[in-house]
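J.: Encoded as structure tokens, here's the structure I'll be asking about.
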Amino acid sequence: MFLYYGIACKRKSFWCYRLLSTYVTKTRYLFELKEDDDACKKAQQTGVFYLFHGLAPLLQTSEHRYLVPRLSLLELKRLLGKFGQDAQRIEDSVLIGCSDQHEAWFALDLGLNISSSIYASLPKPEMETELKGSFIELRKAIFQLNSMDSSLLFTAQALLRWHANHQFCSRSGQPTKKNMAGSKRVCPSSKIIYYPQMAPVVITLVSDGVRCLLARQSSFPKGLYSALAGFCDIGESVEEAVRREVAEEVGLEVERLEYSASQHWPFPNSSLMIACHATVKPGQTEIQVNLRELEAAAWFSHDEVATALRRKGPYIQQENETLPFSLPPRLAIAHQLIKEWMERHACSSRLA
Ligand SMILES: NC(=O)c1ccc[n+]([C@@H]2O[C@H](COP(=O)([O-])OP(=O)(O)OC[C@H]3O[C@@H](n4cnc5c(N)ncnc54)[C@H](O)[C@@H]3O)[C@@H](O)[C@H]2O)c1
Ligand SMILES: [Mg+2]
């Protein structure tokens, strides 16, 4: 779908209107809202608001799934009024996206106790009754959300958390001020501009050509194995981080490296997960687990992984049965990496 965007561009000696896609007009609109406080405030008039309480999103249950309710500006003003709060509080909301029709989406946390804020946290049980929903921890809700909702809520939570934790300037110690969209904070005293941060993390599925290497940390749910992950060190390239993390965690050297995809991951803080496939040097497959980082690591065959992928839901251990391993949920990029490896393996087996 294409729309005419209201900007003329100069081409050769005459002005012409360029045909811009819905996607381009949408990104330009969001850019404008981030840059222009008045435009953003105007967008709130026709926008919708996702509510949070202490970083937990408001959800409603519908047949084993969660629905994510949204409030109009009028509904939000009414709610605040009911709890004796000023509509000014709406300015604490952050912009998290917009529809193709330019309906702006905002997120607002009414349950944060922030020392620099003049607003008190609103009572959770009373709000839940009023809103006919519950504020549920995102980690617990992810399996019952569709991928679009979870991605939007991940962004909202990450941005709200960043604002809650960056209320003061680290140079002057003065309170910082958020712009209307919440895309930055500025210190009026030092003039430093703070932008939301995320930490780059490499996640690598190591293969020896036939098997893939999976590992677990003691904090993982029982039986769960995942690809190797690690935060990038300052000054490192993605390639260097992958090589170091694999060496550090399992004592192996990788040689072939291939980028697969990336994902924003909000737990425990915002990370940019950069997913890669890598192959170990031929004949060098002996794992030496770094027990300070991992509980266990092992090579898994195509058949073992296929069985784990077929298993639906959390595995419940039967009496006298050894606990089989399970894989990360579909939503996690680790799951996608493993599936991709399986598909490639199946493809190369067919060709052989
Ligand atoms: N989405 C997915 O599929 C998926 C899968 C696996 C791991 N992860 C995420 O990847 C992240 C990193 O994995 P890991 O725990 O194995 O990393 P890791 O192997 O680097 O070990 C974590 C340790 O690194 C140090 N560290 C360095 N920089 C850090 C930073 N910016 N923030 C926090 N700690 C830092 C800390 O000492 C921490 O204990 C985790 O947060 C995890 O949630 C996501
Ligand atoms: Mg790690």
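The values are calculated or read from the model by the stated rules, or taken from the named source; none is laboratory data. This is a predicted model, so every value here is computed, not measured. Reconstructed Cβ throughout: ideal geometry from the backbone, glycine too, with neighbour counts over all protein chains shown. Ligands, DNA and RNA are stripped out before the accessible areas are found, and what is left, the full protein with its side chains, is counted by its heavy atoms. Shrake-Rupley method; radii C 1.70, N 1.55, O 1.52, S 1.80 Å.
J.: Mind telling me which of the residues I90, I96 ends up being closer than 16 Å to L153 by Cα and surrounded by 15 or more Cβ atoms within 10 Å (Cβ to Cβ)?
T.: After applying the criteria, what remains is I96.
J.: If you don't mind, another one. List pairs: first residue in the range 291-302 and assigned to a loop (DSSP other than H, G, I, E, B), second residue near ligand 2 (Cβ under 10 Å from one of its atoms) and acidic (D, E) anywhere in the structure, Cβ distance under 8 angstrom, at least six positions apart or on different chains.
T.: Listed by first residue and then by second, the contacts come to E293/E248; E293/E249; L294/E249.
J.: Conditions: (1) away from ligand 2 (no atom under 16 Å from the Cβ); (2) touching a Leu at 6+ places or on another chain (Cβ under 6 Å); (3) open to solvent by 20 Å² or more (accessible area, probe 1.4 Å). A181 meets all but one. Number of the miss?
T.: For A181, the failing item is (3).
J.: In addition: Determine which member of the set S262, S270 is more than 14 Å from ligand 2 (Cβ to nearest atom), of a type in the set (G, A, S), surrounded by 15 or more Cβ atoms within 10 Å (Cβ to Cβ) and modelled with pLDDT under 95.
T.: Sole residue among the options that is more than 14 Å from ligand 2 (Cβ to nearest atom), of a type in the set (G, A, S), surrounded by 15 or more Cβ atoms within 10 Å (Cβ to Cβ) and modelled with pLDDT under 95: S270.
J.: Please tell me if K124 is charged (D, E, K, R), without any contact (Cβ under 8 Å) to a residue 24 or more places away in the chain and not assigned by TED's automatic domain parsing to the domain that holds Q336.
T.: no
J.: Please find, within the range 211-240, the residue that is nearest to V280 (Cα to Cα) out of those that are open to solvent by 60 Å² or more (accessible area, probe 1.4 Å) and free of Cβ contacts under 8 Å to residues at least 12 places away in the same chain.
T.: Looking at residues that are open to solvent by 60 Å² or more (accessible area, probe 1.4 Å) and free of Cβ contacts under 8 Å to residues at least 12 places away in the same chain, I get E240.
J.: So which of L51, L73 ends up being at pLDDT 95 or above and in contact with a Gly (Cβ under 8 Å, 6 or more places away or on another chain)?
T.: The unique qualifying residue is L73.
J.: Can you run down the residue pairs with Cβ atoms below 9 Å, 6 or more apart or on separate chains, where the first is in the range 259-272 and small (G, A, S) and the partner is in a loop (DSSP other than H, G, I, E, B) and away from ligand 2 (no atom under 15 Å from the Cβ)?
T.: S270/P196; S270/Q197; S270/M198; S271/M198
J.: Quick one: which strands (runs of 3 or more DSSP E) sit completely within the range 179-251 and have at least 1 residues that are of a type in the set (S, T, Y) and in the same structural domain as F267 (by TED's automatic domain parsing)?
T.: Passing ranges, in order: 199-207.
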